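The values are calculated or read from the model by the stated rules, or taken from the named source; none is laboratory data. The structure presented is a predicted model; accordingly, all values stated were derived computationally and were not measured. Cβ coordinates were reconstructed from backbone atoms using ideal geometry, including for glycine residues, and neighbour counts include every protein chain displayed.
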Amino acid sequence: MVQTWLPDPNVVGGLAAWTLGIPVVWGLHQANLSPGLNGARTLRMLRWGARLSCRIPRRIVCVGEAVRLAHVAAGYDPGPMRVIPLGFDTDLFRPRPNVRAAVRLSWGVTPENPVIGLVARYDPHKDIPTFLDAAQIFKNKRPDARFVLCGAGMERSNAVLLHALGARGLDDMILLGQQENVQDILPGFDVATLSSVSEGFPSVLGEAMACGVLCAATAVGDVVALLGDTGRTVPARDPAVLSEAWGALLALSPEERRSRGLAGRDRIEKHFSMGSVAARYRALYDEALGAPR
């Protein structure tokens, strides 16, 4: 069996395996397929994927219901589709007070500073300008707040980002760039956030929840289904409301924040653990191997 992920590999890898008679399972992650957020090549591959979805894959894994609905609307065959969310390693991602203290010290952050962090690549889907506008609003109310950006493109070599920070008076933003040890970064946050206009099933929020970190994010893709009632969700492209969501979480008492953080971790352990998701994949692969195509 061949498992592929994303538009290009689904079409190219799927065709290669199919011509050799090898069963194929596709994987889909995106929930926003609009031309404004996707390049010409991606859109072309999505169209080919829609045409081939009734012939090549025996099963199509969607990481969220929003992903499934978006692709059905784009012409994909709903028959082979199954929704299986991402799974999270709750041994790797867990509350670690010692790591929290150490990483905050490395950022020059005191225990009293509220830290709001966003982990994502610098990409139009992530709508970083809305995050920066929200940070500016929040900073005017809480000058002691610190903000962290982590991910590809979130570094001082990004001239566009630096200009945007300077224009908003956010020159003290902590820019970490691409990091491989996100499990050692998330515990340093008081609030993990996303300002995205498009998500499928955002893994970084699940990882933050597993670390006991409170989350506030835009209600796109399957964010609401992931957070449940443990975090805050807001409309996309509304920096004032996003800033208010941060403030609401930080206004909770230390005990309330701890309790809600543990509730988030409990939600991940119950519904999105690596073991439960792996079992669903095993069942799907067994199903796919026995399915005609």
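General observations
- Residue within the range 135-150 that is assigned to a loop (DSSP other than H, G, I, E, B) and on the phi > 0 side of the Ramachandran plot present: no
- Scanning the range 234-261 for residues being hydrophobic (A, V, I, L, M, F, W, C) and exposed (fewer than 14 other Cβ atoms within 10 Å of the Cβ) gives a total of 3.
- Leading residue by the ranking (farthest from Y122 (Cα to Cα)) among those in the range 180-199 that are touching an Asp or Glu at 6+ places or on another chain (Cβ under 7 Å) and crowded, with 24+ Cβ neighbours inside 10 Å: L186
- The number of residues in the range 224-235 being among the β-branched types (V, I, T) and touching a Gly at 6+ places or on another chain (Cβ under 9 Å) comes to 1.
- Filtered residues of the range 3-46 (kept if crowded, with 18+ Cβ neighbours inside 10 Å, assigned to a helix (DSSP H, G or I) and more than 23 Å from the chain's Cα centre (by Cα)): V11, G13, G14, A17, W18
- In this structure, R267 does not satisfy being touching a strand residue (DSSP E or B) at 6+ places or on another chain (Cβ under 8 Å) and basic (K, R).
- Conditions (1) at pLDDT 95 or above; (2) out of contact with any Cys (no Cβ under 8 Å at 6 or more places or on another chain): number failed by L28: (2)
- Subset of the range 201-219 (residues that are buried (at least 24 other Cβ atoms within 10 Å of the Cβ) and over 15 Å from A263 (Cα atoms)): F201, P202, A217, T218
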